[in-house]
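Participant: One structure is given below, represented as structure tokens, and several questions about it will come after.
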Amino acid sequence: MSLSTPVKSLSIVSQPTHPHFASTTLTSSLHYSTDFYLIEEFFYAACELQEFKWASFFLQTVRAHFPKSVKSMRMLGMFYESQSEIVKAQEIYLDMMENDPSDSQTVKRLVCLFRDMDMLSSAIKVLNKYIEANQEDFEAW
């Protein structure tokens, strides 16, 4: 897809600058997997740029369609991380790991969270436990 190719009804650029105005057009027309991929990427960019209204908007869009999915829960944790609400993010990641200890992305997210909080012993403990069960994951090594 080239940059000049419009995405079906996902033209955020042509929408008003406030996310609440764009919600009716965007959420009512999502049914392509590429739309959700783009929304996820927009969410990560908004978190990185600390544009929390936009990040919240994109997160709500995903959660409206997939309220309890692993990815939307992980995105919620990342949203809390970006807002420096570390305890909430940690609780989400720990709950997710309790439900599925083999979820590598959540484990790695928690390890990064512990590392960023200078809780290196906790990060190493979680990572060692994960590596014991998933020795084939070279990224974790």
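Participant: In whole Hz, what ³J(HN,Hα) sequence does the stretch 39-50 give by Karplus (6.51, -1.76, 1.60; θ = phi - 60°), x for Gly and Pro?
Facilitator: 4, 4, 5, 4, 4, 4, 5, 4, 5, 4, 8, 6
Participant: Straight-line reach from LYS71: which aspartates and glutamates have a Cα under 18 Å away, not including same-chain ones fewer than 8 places off?
Facilitator: Filter leaves ASP35, GLU40, GLU41, GLU48, GLU81, GLU91, ASP95, GLU98, ASP100, ASP103.
Participant: Between ALA45 and SER69, what is 0.36 nm times their sequence separation minus the Cα-Cα distance? Round to one decimal in nm.
Facilitator: 6.6 nm
Participant: Pop out the ³J(HN,Hα) list for the stretch 101-116 in order, Karplus 6.51 cos²θ - 1.76 cosθ + 1.60 with θ = phi - 60°, rounded to Hz; leave Gly and Pro as x.
Facilitator: x, 8, 6, 5, 5, 5, 4, 5, 4, 5, 4, 4, 4, 4, 4, 5
Participant: Excluding GLY77 itself, what net charge comes from residues whose Cβ is under 10 Å from its Cβ, given Lys and Arg +1 and Asp and Glu -1?
Facilitator: Once positives and negatives cancel, what remains is -1.
Participant: More than 17 angstrom separation, counting every C-alpha pair in the stretch 68-141; what % is that?
Facilitator: 39 percent
Participant: For the stretch 68-141, what is the relative contact order in percent, using Cα pairs closer than 8 Å and at least 6 residues apart in sequence?
Facilitator: 21 percent
Participant: I want the local charge near VAL87. Using Cβ-Cβ distances under 14 Å, sum +1 for each Lys or Arg and -1 for each Asp or Glu among the other residues.
Facilitator: Net charge in that neighbourhood comes out at -4.
Read-outs throughout are calculated quantities, based only on the coordinates presented, and are distinct from any laboratory measurement. Keep in mind it's a predicted model, so treat the numbers as computed, not measured. Reconstructed Cβ throughout: ideal geometry from the backbone, glycine too, with neighbour counts over all protein chains shown.
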